[in-house]
Amino acid sequence: MKQLLKKLTETFSPSGYESAIRDVIRAEVTPLADEIRVDALGNLIIRKGQGGKKIMIAAHMDEIGLIASHIDEHGFVRFTTVGGVYPQMLMGARVRFHSGLPGVIYNEPLEKPTDTPAIEKMFIDVGATSRKDCPIKVGEVAAFERPFLDLGDRLVAKSMDDRIGCLVAIETLRALKSTPHEIYFVFTTQEEVGTRGAETSAFGLDPDLGFSLDVTGWGDTPGRKHFDIALGKGPAIKIKDGGMLADPRIIHWMVTTAEKARLPYQREVLLGGTTDARAMQLVRAGVPVGCISIPCRYVHSPSEMVDYNDVQNAVKLATALLSNPVEL
Amino acid sequence: MSGPGAFSLPFFLPMPEITPFLKSLLSTSGISAYETPAAQLIETRWRPVVDEISLSRIGSLQALKRGSGPQPHPAIMIATHMDAIGMMVTSIADGFLHFTQVGGIDPRILPGTPVIVHASASGEELPGVIVIPPARGLPASVGDGVVGLEYLLIDTGLLPAEVSAKVRTGDPISFATQPVELAGEVISGHTLDNRASVAVLTVALDELQKKSHAWDIWAVATVQEEVTLGGAFTSAYGLRPQIAIAIDVTFAKGPGASDWQTMPLGKGPTLTMGPNMHPYIYNALKELAEKLEIPYQPEITPRHSGTDGYATQVAADGIPTMVIGIPLRYMHTPVEIVALKDIQRAGRLLAEFISRLEPDFVEKIVWED
């Protein structure tokens, strides 16, 4: 599992440019799927089982990144963001373009060295000396360059948001021996720019119910308050986030399943941010939805950290949910 | 929850009073995503005056009153959201509850407010009060100014161990302020946004017992308006009405809100104009109100109407939509105020409009280019 996670998180696929990660995931799930296809927005859709309740599970495969907006005469690349990238995460960062080329980020001089520069004052240096010899063209996308780090129970990588959800989906598919349901594992595109892949794939599938697999925040590092989520205390069952209230029937299904299987879990009330489940809930005539969250520190930084036990327990919880009949 | 209506109200009885029903609605919880108590109350009240009732896939109450015109009947959907703004437990510290908002709440008015904590571990409805720590217990930067939600607490009176045994993170919290009828035929309480409009729709359904109507009527008490407009998006898609009307509260004139952008209380419902509303339906309602001498006020909403109508307009392949507003003072506080007359007038106007909808009304809704 850790080897696969390394592979997933070291792949570069910002929103809208998910082909590299789609290939990695497709290779992994092809032997496990009853049916596999890619829809018009690039979502990778895997069916398992047939004829029962239609359940959609969404894990987004895109990651936050940057996009080149201007190359100046000296070959410096100006850029803007794809998804929620904070400027303080970029000072001195290394990035890798979709084409495979690396670059480093710095900024124009600051009034005070402690200031955070605006994105417009930053640039990517790819080693070029002029516009002409710059290998990057306007429109090329990049993502953080940062190797996977195994600290034992704690694992660190860029794009843990949401390759960890992809991993949980893949491992659940692997663990699922049989199911009474018709399950669609959807590896979605463009979540970081507005849950767009989930919106169209949910419309296309018209599921009876569903949930997303995504990261949530954390409350267990210095200075953080009133957020009851800690690494290592189990996957989180979402009750609320910044964009959605989970369906109380789905919460009940998840809580009772976790308790019956004696799996640790945490109850999540997240103040900001949302997941693919929001888009799924509002599609067509509405879908009862929830979310299993993987507690993750330093979300949207190049060093997102999860606990391996939480990941394994998330797989067990998802597998238990999908192995048995469900009546909401 | 479906099945034909058991009976219709006999013609010779006077119209039922709406105030007792409204007061019971204002005493019932049902924050966004947890609307079941409100849905049950509304279902009981509507069942005798409609033909069928069911729940949408995400919990909106959808009542059908069949039309008598030639088949197939066109349908009008009336959306009145039944969810309330409220709060939710985020963590528990020494027996006190930290909380966040569900929907938008003004933190300035919260300290001292009575609430109900829906304690999921024990299944109890625990009374509590919102408390504010003394200034010396707050960061200096907060001190004497407006104290944000993150510093406020709920005290249930229970010992820390009892609280931990009964209450869990994620438990919903409702306002418990009791409704009160004030002099001048106005009512004050929490959740007049938008239970006042549920009352409007109920008045209309009562009126329609003694009127024939060609169109099918989908009376919908929607869920989750305060967070995503989710109930309106999904019911409009599922029911595919030919036209939709959202009824919701709007800003009435009051202290500090008396300029031209606000509407006087008690001078009639507002008929809303702007890109969210179809001008043909606006004009039809305006002309009818003038003909019947029902007071109304034109209201301009240049962008998002902030109502379920914003969702119905773009549901499926698009639904011509109108928004009727009920003027309300002190929006999103536990002491919202609405004039009872405005509820009656809006209900009557709605019933008259529906009963006069001709089978071919929808063909007349055209853009005059």
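The values are calculated or read from the model by the stated rules, or taken from the named source; none is laboratory data. Predicted model, so just to flag it, every value in this text is computed and none were measured. Neighbour counts run over all protein chains shown; Cβ positions are idealised from the backbone, glycine included. Just the protein is used for accessible areas: all its heavy atoms, side chains included, with ligands, DNA and RNA removed. Shrake-Rupley method; radii C 1.70, N 1.55, O 1.52, S 1.80 Å.
In the range A:77-170, Cα pairs under 8 Å separated by at least six residues give a relative contact order of 27 percent. Mind checking the angle between helix B:36-46 and chain B's longest principal axis? C-alpha axes, 0 to 90 degrees, to the nearest 10. In chain B, helix B:36-46 runs at an angle near 30 degrees to the longest axis. For the pair A:LEU32 and A:GLN50, the difference between a 0.36 nm per residue extended length and the Cα-Cα distance amounts to 5.1 nm.
When only Cα pairs under 8 Å and 6 or more residues apart are kept, what is the percent relative contact order across chain B?
It rounds to 22 percent for chain B.
For A:LYS158, a cut-off of 28 angstrom between C-alpha atoms picks up these lysines, skipping any fewer than 8 places away in its own chain: A:LYS2, A:LYS6, A:LYS7, A:LYS121, A:LYS137, A:LYS225, A:LYS233, A:LYS238, A:LYS240, A:LYS316.
Classified by the C-alpha gyration tensor, the range A:65-144 has an oblate form. Its axis ratio a/c, with a ≥ b ≥ c, is 1.5 or above, and a/b does not exceed b/c. Classified by the C-alpha gyration tensor, the range B:87-175 has a prolate form. Its axis ratio a/c, with a ≥ b ≥ c, is 1.5 or above, and a/b is larger than b/c. Based on C-alpha pairs under 8 angstrom that are at least 6 apart in sequence, the range B:87-175 has a relative contact order of 44 percent. Partner lysines whose Cα lies under 17 Å from the Cα of B:LYS211, excluding those fewer than 8 positions away in the same chain, are identified as B:LYS65. Computed on the Cα trace of chain B, the radius of gyration divided by the Kirkwood hydrodynamic radius gives Rg/Rh = 1.00.
When a/c is below 1.5 the answer is rounded, else prolate if a/b is larger than b/c, else oblate, so apply that to the protein assembly as shown with a ≥ b ≥ c taken from the square roots of the Cα gyration tensor eigenvalues.
Details: a/c = 1.67, a/b = 1.58, b/c = 1.05.
Taking the square roots of the gyration eigenvalues as a ≥ b ≥ c, the protein assembly as shown is prolate.
Per residue of peptide B:300-311, the mean number of Cβ atoms on other chains within 10 Å of the residue Cβ is 0. Neighbouring Cβ atoms from other chains, within 10 Å of the Cβ of residues in A:267-276, number 3 on average.
Note on chain A: with a GNM built from Cα contacts shorter than 10 Å, the maximum mean-square fluctuation among A:VAL287, A:VAL24, A:VAL315 falls on A:VAL24. By the rule of a C-alpha distance below 22 Å, with chain neighbours fewer than 8 residues away ignored, the lysines paired with B:LYS267 are B:LYS23, B:LYS253, B:LYS286, B:LYS291, B:LYS341.
What's the long-distance tail for chain A, i.e. % of Cα pairs beyond 25 Å? List each step's numbers first, then the result.
Working: 26532 of 53628 pairs.
Tail of the P(r) past 25 Å holds 49 percent of the pairs.
Largest GNM mean-square fluctuation among B:SER54, B:SER122, B:SER355, using chain B with Cα springs under 10 Å: B:SER122.
Here the gap between B:ARG108 and B:VAL366, fully extended at 0.36 nm per residue and compared with their Cα-Cα distance, gives a gain of 88.2 nm.
Helix-only mean residue ellipticity at 222 nm, chain B, DSSP H runs n ≥ 4 weighted -39,500 (n - 2.57), per residue, nearest 500. What is it?
Numbers: 9 runs with 89 residues, N = 369.
After summing the helix terms and dividing by the residues of chain B, the value is -7000 deg cm²/dmol.
Only helices enter this figure: runs of n ≥ 4 DSSP H residues, each worth -39500 (n - 2.57), summed and divided by the residues of chain A, yield -7500 deg cm²/dmol at 222 nm to the nearest 500. Surface analysis of the protein assembly as shown yields an accessible area of 40 Å² per residue, using protein heavy atoms and a 1.4 Å probe.
Across peptide A:237-249, the average count of Cβ atoms from other chains found within 10 Å of a residue's Cβ is 5. With both labels modelled 7 Å from their Cα along Cα-to-Cβ, the B:LEU292 to A:LYS2 distance reads 7.3 nm.
Ordering of B:126-136, B:248-258 by packing is B:248-258, B:126-136, highest average first (other Cβ atoms within 10 Å, averaged per residue). In this calculation the C-beta distance from A:LEU328 to B:GLU124 is compared with R0 = 35 Å, giving a FRET efficiency of 0.90. Note on A:ARG94/B:HIS304: beta-carbon distance plugged into 1/(1 + (r/R0)^6) with R0 of 41 Å gives a FRET efficiency of 0.50.
Counting only protein heavy atoms and using a 1.4 Å probe, what share of the accessible area of chain A belongs to carbon plus sulfur, as a whole percent?
Using a 1.4 Å probe with all protein chains present, chain A comes out at 51 percent carbon and sulfur.
Modelled spin-label separation between B:VAL180 and A:ALA175, with each label point placed 7 Å from Cα along the Cα-to-Cβ direction: 5.6 nm.
Relative to the dominant Cα principal axis of chain B, helix B:279-291 is inclined by about 80°.
Between B:GLN297 and B:THR270, B:LEU271, the built amide H atoms are under 5 Å apart, and every one of these is 5 or more places off in sequence or on another chain. Of interest is the spacing of the C-alpha centroids, which for the range B:299-359 and the range A:43-68 amounts to 38 Å. How big is the C-alpha Rg of the range B:146-198 next to the rule-of-thumb value 2.2 N^0.38 Å, as a ratio? Expressed relative to 2.2 N^0.38 Å, the Cα Rg reads 1.64. Ranked by the mean number of other Cβ atoms within 10 Å per residue, highest first, peptides A:104-112, A:132-140, B:93-101 order as B:93-101, A:132-140, A:104-112.
When chain A is modelled as a GNM with alpha-carbon springs shorter than 10 Å, which of A:THR179, A:THR116, A:THR189 fluctuates the most? Answer for the Gaussian network model of chain A: A:THR116. Taking the Kirkwood radius as Rh and the Cα radius of gyration as Rg, the range B:216-369 has a ratio of Rg/Rh equal to 0.95.
Where does helix B:192-207 land angle-wise versus the long Cα axis of chain B, in degrees 0 to 90, nearest 10? On a 0 to 90 degree scale, this one is about 30.
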